[in-house]
Amino acid sequence: MKIKKTYKYALWSALYLTLLSIIFAALSYLLFYNFIGGITIIIFGILFFIISFFIIQYRTEHFIYQRIKKLYEDISVLDINDLKRKKVTTDIEALTKTVQEYVEGKSEEIAHLTQRDSFRRDFLGNVAHELKTPLFTVQGYILTLIEGAADDQEIRTKYLERANKGVERLTSIIKDLDMIAKLETEGMKMNIEPFNILELIQNVFDLFEMKAKKRNIKLKFDKLYEFPFFVKGDVERIEQVLINLVVNSIKYGKVGGVTTVSIESYNPNKFIIKVIDDGEGIKQEHLSRLFERFYRVDQSRSREQGGSGLGLSIVKHIIEAHGETILLKSNYGEGSEFSFTLEKAM
């Protein structure tokens, strides 16, 4: 039977003390107390051993308990009511494991909080930068008009149009930020209902047909679908997802290229909708961060194309709010494929 560590400690301590006491008693006997018999020394040694064992054991338990109790009091997450003297002093390994798990958990929490704090700083910096650019542009045009350019009708019209574009950009950023804030709020509910995803995709194609023609990009399905595909979801939110993905494919697709949308069975309960372009694609190092707010693969080109820089982040929030999955495949120089799943309407 395995001896508890504290008992083992007390046992050896008592044994050492007993041996010392016997030696001391023997020396005393030889030098001073010749009338004391050898049996008396043995009895004295046994009694001294037993008494020493229990005293040392009690002191050891008390010593450990008091220090562990203080540890529990210092660490607010550990409940002092769960602390029992016997458990602490006889199963110190289990207690050590518990404290170690707590420390590891806190380390992970600290790392997560540090990451969130870093993300918050980056986000605030990006918001300030995104708002500052169009705001200063609008301010510059207005100041120019105030200083006298308004007297020239041609310049006035041109500057007002440019200022209006800046305002539209500001409005777009604020609108998208508001949408993300709502999507992240628990109170925001999805209006889940069955609808024909093919019809919704065709409506988005019709909506951006002229925008695609300006870059000579063709919007099409991968094949002729003879029957409707009914899915469950919030129609307005899924339309926003399709709009963002199709607009992205137009912005960053190849001039004279094609944006293709396909619908396939993902598993017995879900469809997967794919939006594929034949543009320049995305480098591997950017893929993991592409759905972050304001993250841009090419800063200069992205600003030329316009937009809030929040489109893909909104897509991710909407799809995840549906409990679905958003996927991305891309080979640099070959194009990109964005896809998401939706539940089938049985």
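The values are calculated or read from the model by the stated rules, or taken from the named source; none is laboratory data. Source: prediction; values computed, not measured. Using ideal geometry, Cβ is built from the backbone for each residue, glycine included, and neighbour counts are taken over all protein chains shown.
What to note about this one:
- Residue-level check: of (1) surrounded by fewer than 20 Cβ atoms within 10 Å (Cβ to Cβ); (2) modelled with pLDDT of 80 or more, I318 misses just (1).
- Within the stretch 221-254, being within 18 Å of E337 (Cα to Cα), touching a helix residue (DSSP H, G or I) at 6+ places or on another chain (Cβ under 8 Å) and not in a helix (DSSP H, G or I) holds for one residue alone: F221.
- Inter-residue pairs, beta-carbon under 6 Å, first at positive phi and in the stretch 274-292, second modelled with pLDDT of 80 or more and not basic (K, R), 6+ apart: G281/S330; G281/N331; G281/Y332; G281/G333; G281/E334; G281/G335; G281/S336
- Checking the stretch 265-278 against the condition returns a match, with at least one residue being closer than 14 Å to S339 by Cβ, at pLDDT 90 or above and exposed (fewer than 14 other Cβ atoms within 10 Å of the Cβ).
- Odd one out for K165 among (1) crowded, with 16+ Cβ neighbours inside 10 Å; (2) at pLDDT 80 or above: (1)
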